[in-house]
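Values quoted throughout were computed directly from the atomic coordinates according to the rules given, and no laboratory measurement underlies them. Nothing here was measured: the structure is a model prediction, and the numbers come from that model. Methodologically, a virtual Cβ is constructed for each residue, glycine included, from the backbone with ideal geometry; neighbour enumeration extends over all protein chains shown.
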Amino acid sequence: MRCRPPIISGLLTLVALSTLVSCLPSQRTQLTESQLSALIESHPPFPALSPNYYMTTTPAGNLSEQSSPDGADERSNGKTVALLTPMLIPRSPGSDNATIVRDHIMSHFDGLSNWTAVTDAFMATVPEYGGVMGVLNFTNLIFRLTPPGSDDIPSRYLTLVAHYDSKISPFGFIGATDSAVPCAILMYLAESLTPHILARWKSDIDAVSDDTGLQIIFMDGEEALVEWSDKDSLYGARHLANLWESEKKSSQFGRMTALQDIDLFVLLDLLGAGSPAVPCFFEITSWACRDLAETETRVRNAGLAKTKGQRPFIRAHNVMKNVFIDDDHMPFLRRGIPIMHVIPIPFPKVWHTMNDDGAHLSSEAVHDWAVFVTGWVAGYLGVGDFL
């Protein structure tokens, strides 16, 4: 990702304002502190272990050395931690490691109830890198949890997004914050919330046919292969936005393309370093930032956060209209989709360096991001009474 001039930010905001439809689901609530406690205690997220727990040993990705030497992962919470460790390998588009990570994600969702998977595989022209110029294979992964009885009523989806590829250069770059941690958080969130979402829908099927569903996207090809440009970046996001814009349909709700089924597009990026500061970037979705900040407050008040004695992660009072970041949300923002970009400003010090690896993560911050985002989504989808 990169920053764009402020004038571009203003123009794109006007585009979003001109086409935005209501994106407030009827079931949206805030979980109470007791509900948050019940949610997290029923499915604890990533434990706060020593940094060596996340160590990656080789650029090829020798996973056998990525667990703690005393076996704490098995005794503590190996299932959820294992969501992250297999991703702490270089995984540039088209590589064998990209296939390993993609299979890891697919296998996770295969084990969850009622999720449907869509694979968006495509080829794109790429600039010369590694002595090769031509086309490269990319694959976006889309997973949906859709309300029952909605076959005749096109569902709207709260859409959570992260990219799973990593930079091809420097050689051996891991990209732990960028974006292995966001991907692992989304996998944890899906596993944690699925039974509660299904319980809510089962309680009154007739009443939920027009509820908001949950859609999780793992984008490929966010990173530039050579040098960031409009053509050498955001390969997966550009392709998927074009594809969904072209998928026409007839809807009594005026949603004429698959793109318009997105209720809110929430992009997670550069998460997992210590002491992050995440502002709001768009006034029109500042309500979502405030809700996320309120969830963080309630989590901290309930004593569920691992990070102590620091300022909140989410700075909802601060809408940074003059800071605009080029990232996977851009092709969707240009088409009027409401966006919440969860990314720290300034970027982590490890950004695009070899230090963006497992050893330099804050395990406490990883834990807390999982709690904050999961708790917020639970409220958005109205599952508080079904925990």
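Along region 165-176, what does the Karplus equation 6.51 cos²θ - 1.76 cosθ + 1.60 (θ = phi - 60°) give for ³J(HN,Hα), rounded to whole Hz, x for Gly and Pro?
Whole-Hz 3J(HN,Hα) from phi for region 165-176: 7, 10, 4, 7, 9, x, 4, x, 4, 8, x, 5.
Please work out how much length the chain gains when fully extended from R311 to N114, using 0.36 nm per residue of separation minus the C-alpha to C-alpha distance, in nm with one decimal.
67.1 nm
Given points 7 Å out from each Cα along the Cα-Cβ axis, report the N137 to T32 separation in nanometres with one decimal.
Here the modelled spin labels are 5.2 nm apart.
What is the distance in Å between the Cα centroid of region 171-199 and that of region 84-118?
10
Length gain on complete extension for the stretch T99 to H352, per 0.36 nm per residue less the alpha carbon to alpha carbon distance?
Extra length from T99 to H352 when fully extended: 88.9 nm.
Of the peptides 182-194, 349-361, how do they stack up when ordered by the mean number of other Cβ atoms within 10 Å, highest first?
In decreasing order of mean packing, 182-194, 349-361 become 182-194, 349-361.
Return the whole-Å distance between the Cα centroid of region 350-387 and the Cα centroid of region 277-319.
Using only Cα atoms, the two centres lie 12 Å from each other.
Using 7 Å Cα-to-Cβ label points, what is the M123/A359 separation (nm, one decimal)?
Distance between label points: 4.0 nm.
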